[in-house]
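Read through the structure below, which is laid out as structure tokens, and then see the notes.
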Amino acid sequence: MNAVIACLTNDHDDWLVVVAALVCLAASWQTMGLQARAAAVRVHQRVVWLAAAATTAGLGFWATHFVAMLGYQVLPTSYRPGLTAFSLLIAINGAGLGIGLTISPRAPVRAVGGALLLLAIVVMHFTGMAAMEVSAIQHWDGNFVAWSALLGAGFGAAAFGLPAMPGRRAISSVLLTLAVLSLHFTGMAALRLEYTPLLSPPESAILPSHLALAVTAVAVVALLAGQAAMRIDRHLAQRDRHEAQRLRHLAEAALEGLAIHENGVIRDANTSFARLVGLTRPEILGRRIDTFLPPALLAQIGGVAVEGEVVRPTGETIPVEILGRPLELPDGPAEVVALRDLRVQRAAEARIRHMARHDQLTGLPNRAALKTMLAQEVEKAAREGTSLAVLLIDIAGLRDINSVHGESAGDKMLRETAARLASCVGEETPLGRLAGDEFVVILPKIAGPESAEQRAEALRSAIEDRPMATNTGVQLTALVRIGIALFPSDTRQPADLLARAAEALLAPEGVDDPIRFFDPRAEARRRRRHDMLDALREALAGDGLEAHFQPQIDSANGRLVGCETLLRWKHEKLGPVPPDVFVPLAEEAGLAGALGAWVLRAGCRAAAAWPQPLRVSVNLSADHVASGNVPALVAAVLEETGLPAGRLELEITESVLMRDTAAVLATLESLRAMGVTIAMDDFGTGYSSLAYLHAFPFDRMKIDRSFVQPIGKGGSGETIVEAVLALGRALGIATIAEGVETEAQLRFLQERGCNEIQGFLIARPMPAAALAPFLRDWPDRPGAIAAAALPADAPARL
């Protein structure tokens, strides 16, 4: 040690020793930084950083050696160019071999690499010493040479073998500096020069001044190159960190779970992926992707999304949509997997499926679900040879409850009804809501009609026996009707079972039983009614209807005053259908307006072609008048046919007047304003006739045939007719009697001042083709009317 210190203090220039130490420290700092970067980068980038580290170390430590040699002041020296350059190559290549081992994650391997690096520097040192030319003979102490190698290798191993710790780069740099300086000055202490004047440097030797320039250039290049590489690396690393952070933020913002794996090992994942698999990010990294996704599913992943399940460590599975694609990373190929959580979507789909097959208000199966359940129960019953009953439960008066108490009250009643039915039938019995106020119960394995009726009675009692409270506290009692259809006695078809149960609810007149079984005879009657209604619609749309006309005459002189238009329909199979059969049917089906418009148009068209300006009368139903569009229709028909409004008379019954009085009055006033006359048909057969005569502007009263027929037979009929005629005279309203069939009836009416006569005595209703010759021949006909001249004391007529 004393020899080394003496060599350092006596044989070297102090300032150049300090410069050599600073150059070595700077080279060591740069080398450790470049080595750390080489260890951190991807495999394909390591060669560049290893080369940079080796070049910086080789140049820096070579410069350290020759800066120190410039300070060696024992004798004047010079250097052989070839060996000097060769020593530089030894330093760089040896450094490369050693640093290549120092990037290993294992500390022993790194220590070996550090030792190898310094041994290369030892070889560089003594090669450089061999390149020295001096007027002396060189003598080497083997012990110091060995110590030089040991110190360099030891400090070098320590410098690179340190574990990861704070300040590791600084400590390693100091140790590496000590390694280079210790091997150099220990190696210099091994040298003893024996001066020999006969030895002189060759002319090709490098002079110290030239060497100083070369060493300075090498040192500057080494340090600046290393510093530049580190600065560029820091800039690129910062840019990469910013880009990685931006991509990380984007990945974290993604709703999909994203994971990158190399050969099945997860290298990165975002928070959404971690939430999906139920782990934290650190717990995910390094695990195999098939830990969470079955291998068979992974094999299907490609450019097209597939659906599968993520398996959590707890065993829980989560439905996901999976999409994968290859990804090229800096250190090799990888694959990115994107997972979209389908739990919300599946829940929404389940809700949609539930809503599609369940009633939203009551939660019961709806019509579609009921049909499926009924088909399944029928198939089961047919297979097992058992019977079943379908109960259609109708809540009576629900519309009135909605109108009076509000829809919320009706909704609450429906929910309460559903709850009571469900409680009564139990979970195993199919139950559902068919429509607004209809529920269906399917009773499998029913013993017979008696058993079905008992179950129906129990359901009715469950609903009706206890009142239901509305939101406002009003107590309401639901009334139900139950229609029952049986399988297989009524039908074997599921759809027909529901239809039969619905038909059972349509009880015939006079039957008020709340529980009703399907009756084939009643169904046949309804079928005939339905067929007749279809035929009537076809007749109305085509040419199946016909207008007949019955003349009306002045009772005093027999002059024709008009004709009443009567609708006739001849069914293809049934023949002529009486108006009192098909007109009520049309009114029930909502065809009253269409029929009324047809008759109005037919009567006006025919009257416009008559040779005389006679009045034409047309009946209007109560529904037609109540619709409010009669004035517009009449105006359109009069314009279409060219008939003057004064020749049209509209007959309405007292039932019209029992509707909205103000609206009907407005309609009649509109018609009278056009010039159309209004007659009250079938006077006396309704209610409050006198009040209506006072309130409405009638031009004529028509005495119903039911009062005319008893004339001449005694009884109250004649008295009623006399009273009506007197009332007409008192109110200034003309009268017309229909159904006059005998001379006695005619004479009675003439004697009591009835203005006009209509009936079989004059003529039966006839089609337009027969009416034309009747109208032409009537003035020349010898009249029974003329023979029945009015007596002198007959009442005055209007």
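Quick note: the coordinates plus some simple rules give every number you see, no bench work behind them. These numbers come from a predicted model, not from an experiment. We place every Cβ from the backbone using ideal geometry, glycine too, and count neighbours over all the protein chains shown.
Descending by average beta-carbon neighbour count within 10 Å, the peptides 385-394, 405-414 line up as 385-394, 405-414, the highest first.
Of all aspartates and glutamates in the structure, those lying under 15 Å Cα to Cα from LYS573, and not within fewer than 8 positions of it along the same chain, are ASP531, ASP534, GLU538. Here's the list of lysines a cross-link from LYS445 could span, going by alpha-carbon distance under 19 Å and ignoring same-chain residues fewer than 8 apart: LYS371, LYS380. Judged by the mean number of other Cβ atoms found within 10 Å, the most tightly packed of the peptides 109-119, 307-317, 487-497 leads the ranking 109-119, 487-497, 307-317.
When Rg and the Kirkwood radius Rh are both evaluated on Cα atoms of the range 283-417, their ratio Rg/Rh stands at 1.26. The length gained on full extension between GLU464 and LEU479, counted as 0.36 nm times the residue separation minus their Cα-Cα distance, comes to 4.8 nm. As a calculated quantity, the FRET efficiency between GLU309 and LEU89 at R0 = 60 Å, using C-beta atoms, amounts to about 0.45.
With a sphere of radius 9 Å drawn around the Cβ of ILE266, what net charge do the other residues whose Cβ falls strictly inside it have (Lys, Arg +1; Asp, Glu -1)?
So the surrounding residues net to +1.
Simple spin-label estimate for ALA396 and ASP141 gives 13.1 nm between the two label positions (7 Å along the Cα-to-Cβ direction from each Cα). Averaging the sequence gap over all C-alpha pairs within less than 8 Å and six or more residues apart, then dividing by the number of residues, gives the range 254-346 a relative contact order of 28 percent.
Summarising the label geometry, the points placed 7 Å from Cα in the beta-carbon direction at ASN557 and ARG343 lie 10.0 nm from one another. Check cross-link reach from LYS713 to the lysines: straight Cα distance under 22 Å, and skip same-chain residues fewer than eight apart. Of all the lysines, those that pass the test against LYS713 - Cα under 22 Å, at least 8 places apart if same chain - are LYS702.
What shape does the range 546-787 take by its C-alpha gyration tensor, where a ≥ b ≥ c are the square roots of the eigenvalues and a/c under 1.5 counts as rounded, a/b above b/c as prolate, and the rest as oblate? Rounded shape, in that the Cα axes give a/c under 1.5.
Around ALA469, what is the net charge, scoring Lys/Arg as +1 and Asp/Glu as -1 over all other residues with Cβ under 9 Å from its Cβ?
Details: positive: LYS412; negative: GLU416.
Its environment carries a net charge of 0.
Given 0.36 nm per residue, what is the gain on full extension from ARG169 to ASN263 after removing their alpha carbon distance, in nm? Walk me through the intermediate numbers first.
Working: separation 94, 0.36 × 94 = 33.84 nm, distance 3.38 nm.
Length gained, ARG169 through ASN263: 30.5 nm.
For the range 546-787, the relative contact order works out to 21 percent when only alpha carbon pairs closer than 8 Å and six or more residues apart are counted. Can you figure out the FRET efficiency of LYS713 with SER489, using R₀ = 56 Å and their beta-carbon distance, to the nearest 0.05? Efficiency at R0 = 56 Å is approximately 0.55.
Say a paramagnetic label sat at a point 7 Å from the Cα of GLU546, along Cα to Cβ; which residues of the range 559-592 have their backbone N under 15 Å from it? 566-579, by backbone N distance to the label point. For the range 254-346, the percent of C-alpha pairs falling in each 5 Å distance bin, counted from 0 to the bin holding the largest distance, reads 3, 15, 27, 29, 19, 6, 2, 0.
Between the range 313-382 and the range 526-591, the C-alpha centres lie 60 angstrom from each other. Efficiency by 1/(1 + (r/R0)^6): what FRET value for PHE774 and ASP513, r their Cβ-Cβ distance, R0 = 41 Å, to the nearest 0.05? So the FRET efficiency works out to roughly 0.15. Across the range 358-518, Cα-Cα distances exceeding 27 Å account for 21% of all pairs.
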